[in-house]
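Below: one structure, written as structure tokens.
Rule-based calculations on the coordinates, nothing more; no lab input. In this text the structure is predicted, and so the values were computed from the model without any measurement. Every residue, glycine among them, receives a Cβ derived from its backbone with ideal geometry; neighbour counts consider all protein chains shown.
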Amino acid sequence: MAETPADEITLRIDHDVALVLFEFLSRTIDDEDGEALLDFVEDEAEIPALWALMAGLESVLTEPMAADYERKVDAARRTVLKRLGGAFSGEDGE
């Protein structure tokens, strides 16, 4: 049985960022129990911590159950790139 955490924190992030993070986490850790990240984790506790983050995002997002989920994720990705810029090749969402 999982323990109830003694301390919880509240994290405020933009809705589009939350949706992009949820999609990333569901793709990389939910599928095949996080095997896609095995080369990147330093400690086995990191995978369940990411599962907890994904569950927290899922509990506040309505999009994962939407029929047009992929369209909503694509729109959120474009918004994040436009607002925050890209990580690769100077992408800025334009």
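Taking 0.36 nm per residue of separation and subtracting the Cα-Cα distance, what length does fully extending Ala6 through Ala66 add? List each step's numbers first, then the result.
Values: separation 60, 0.36 × 60 = 21.60 nm, distance 3.35 nm.
Extra length from Ala6 to Ala66 when fully extended: 18.2 nm.
Identify which of Asp68, Asp31, Asp43 has the largest mean-square fluctuation in a Gaussian network model of the chain, with springs joining Cα atoms closer than 10 Å.
Judging by the Gaussian network model, the answer is Asp43.
Do me a favour and compute the ellipsoid semi-axes for the range 4-57 from its Cα gyration tensor, root of five times each eigenvalue, largest one first, whole Å.
Details: eigenvalues 76, 52, 15 Å².
Semi-axes (√(5λ), whole Å): 19, 16, 9.
Would you indicate which of [x] 0.98; [y] 1.21; [z] 2.25 is the value of Cα Rg over 2.2 N^0.38 Å derived from the coordinates of this structure?
Looking at Cα Rg over 2.2 N^0.38 Å for this model, the match is [y].
Could you order the peptides 19-25, 57-63 from most to least packed, using the average number of other C-beta atoms within 10 Å per residue?
Working: 19-25: 19.6, 57-63: 14.3.
So the peptides 19-25, 57-63, ranked by packing, come out 19-25, 57-63.
Compute the relative contact order of the chain as a whole-number percentage, counting only Cα pairs closer than 8 Å that sit 6 or more residues apart in sequence. Can you show the working numbers first?
Working: 57 pairs, mean separation 26.3, N = 94.
28 percent.
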